[in-house]
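Down below is the structure, laid out as structure tokens.
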Amino acid sequence: MRKKLIFFLLVFFLFFPAVGKAVNTETVGILPAYPDPEVKFSNAWFIYKLGAGQTKEDAVRVINNKKETVVVKLYAVDATTTSDGAFALLPEESPRQDVGAWVKLAANEVEIPPNSEKLVPFTISVPENADVGDHAGGIVMQEIEGAGKTIAGTGVKIVTRVGVRIYLTIPGEVKKDFEITRFDWRTEAKREPNFLKDLLDLNKKTVFTIGLKNKGNVKISPKGKVELYNIFGRKVGDTGESEIGVIFPKGENKESVITLNQAPFLGRYKAKLSVNFLEEGVGTGEKELVIWVFPYRIVIILAFLLVLFILTRLIFQYFREASKEKMPVYTVKEGETLGNLASVFSVHWKKLAKVNEIKKPFEIKAGQKLFVPPNHRNIDFLVNLVKQGRLDPPLKEKGAKARRKKKMILIFVAGLIVFAGAFFWYKHKKKPAVSQIVSNPTAQSEPTIPQEDEKKTISGAIKKSSIQVGIFSPPSNELTSSLRLFRKLRLIGYRVEIIPDLAGRQYSETTIEYAPGNEEQAKIVKNDLGISFDPGLKEVSGLGKDVIIYNLINKDDLPKLEAESGKTFVRRDLVRVKVLEGGGGKEMAEKVRTLIYQAGFTPDEEIGEAQRKDNVGIGVIYSNEDQREGAEDLVDFLNKNQYPAKLEKNSESKSAEELILIVGK
């Protein structure tokens, strides 16, 4: 059976003030619920300054930009930096030892209707023994899917995670220190092709790999540059200064890179690394590296050309020796010279000397054997001389020189073949074989398009809102516990109510009753309780609900939620707001406009003037019931950020397309 591969698509939003809105595409998003306009990036990240033992309550906006209901899972994790210095949130299964262990969410699963959002409260509690300095983590949202989404024909399952960062600083004695743990180099091919340089292995850049360890208790942001010097001390390259990631306390960037867009050619070089930091007080550091470079490709090519030249020469010599098999042989007599014989045999004297390998001063001796090369002018004459016995006939077998040349040719050819095979293997040994699966469209049925129904989302997750839950609070347990449980389950998305009677049934521990056929729903509710002990499950007929909880949970094991917790809001980016200055001053009006923009609402770019300048506080005015939900969310947001606001209805006009926000004194 083909194993399913799970790809985690980690998407971490890096919103800036100019683009601080939830993504307006059909996806899901997560952002801080209450950004502070005085704190940079607080509209995208949670940024806290808390002492050891302190607690902070906050909330996260979970946004559904899709046209269908989604069920999402929420969990906190620690943060780290990748080997090259990039920020990353750890997987869900990783141990939580820092911020991820300090965050407690009011709910770990939430159902969100189409084009809407929910605020999920959480508490971050800093331990008494927490280290002074910077800490990082995040809250991750992951859409829950039933059978899971797979890429057709591949068996690959895709799980999408979206995270929002948490940066927390614990005040105290700050320690800033670092160590350069690694400095080495390699060359890589440039992306721009160049035939000649590629052939000679000169189309390369130099990649310097740097390791930096943070030995302090606050994050550091290193910058570095590398200078390259040749054997004479002359600078031949400079990368320029560049940022190389962020390092959290006790963390280490093991593979940060700085690239020089050239490569050393031949000989000894010295690379000098210089490191400094964006933060003050960290200091600077340097490290040197000696580089030896040898152009192996060029040497190999030159060696290949030399071998090819020798092989060509051997082949030429072989055919020259082989051609002597057809030449008659003449025995030199006393007093004869090369020139005389050349005239007799009608052949150029240089040709005669070359065939017989006679060197300067071109002297011949009596009794010396000479091969006489035939041509169109002397062929008949040579044939007659052979018949007369004045010339010896051509040799019948190849000479020793020809045989030796042939042997050397075979050796060189075999060597070239071995060399070419080794080179090809080396170039392609790391390339994996790629197999293609050709699907047969006639053998596959058309994929069915999933549809949302009353009980399941499009992705196949069971809707919380399809489960009717009752909570029974026995006299032995505080009613506060059931109220907190009620608000938590409503936040998650269940249809829940507190029931007064359980037909006399009693239990000694928290028990979840479920109607016949609803065991799966009961297990979902049990998982969402988020308590440390394991409640019992029991099937009971005639419940009138899908699930009933016999609640004996201690109230301190449940989150404190406000009465409005669990309310679903229309997407804030769909709530248009016109801000008017009505006595509070332009500066205050601009501050309020920035605040609601960072929170995800859509205010007009221009601030208008209210007719009256004696308004007190902030008034949010809506014109019709379709705007009421967004107006209530806006008022609630302003009040939570210490901007007293009240809700008003415009009875004169019901056709206004945007809310009116008047900033008074």
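The values are calculated or read from the model by the stated rules, or taken from the named source; none is laboratory data. All of these numbers come straight from a predicted model, not from anything done at the bench. Cβ sites come from the backbone with ideal geometry, for glycine too, and all protein chains shown count toward neighbours.
Summary of values
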{"item": "Qualifying residue in region 387-398 (condition: at pLDDT 85 or above, of a type in the set (Lys, Arg) and assigned to a helix (DSSP H, G or I))", "result": "yes"}
{"item": "Some residue of region 327-347 being touching a residue at least 60 places away in the same chain (Cβ under 8 Å) and within 60 Å of the chain's Cα centre (by Cα)", "result": "no"}
{"item": "Test: residue in region 633-643 that is under 26 Å from Gly585 (Cβ atoms), free of Cβ contacts under 8 Å to residues at least 24 places away in the same chain and in contact with a strand residue (DSSP E or B) (Cβ under 7 Å, 6 or more places away or on another chain)", "result": "yes"}
{"item": "Qualifying strands (runs of 3 or more DSSP E) (wholly inside region 166-249; at least 3 residues being crowded, with 17+ Cβ neighbours inside 10 Å)", "result": "178-189, 204-214, 222-229"}
{"item": "3 or more residues hydrophobic (A, V, I, L, M, F, W, C): qualifying strands (runs of 3 or more DSSP E) within region 583-665", "result": "618-622, 659-663"}
{"item": "Residue list for region 206-229, restricted to those being more than 24 Å from the chain's Cα centre (by Cα) and either on the phi > 0 side of the Ramachandran plot or at pLDDT below 95 (or both)", "result": "Lys215, Gly216, Asn217, Val218"}
{"item": "Single residue of Glu286, Glu280 found to be exposed (fewer than 14 other Cβ atoms within 10 Å of the Cβ), outside any loop (DSSP other than H, G, I, E, B) and within 38 Å of the chain's Cα centre (by Cα)", "result": "Glu286"}
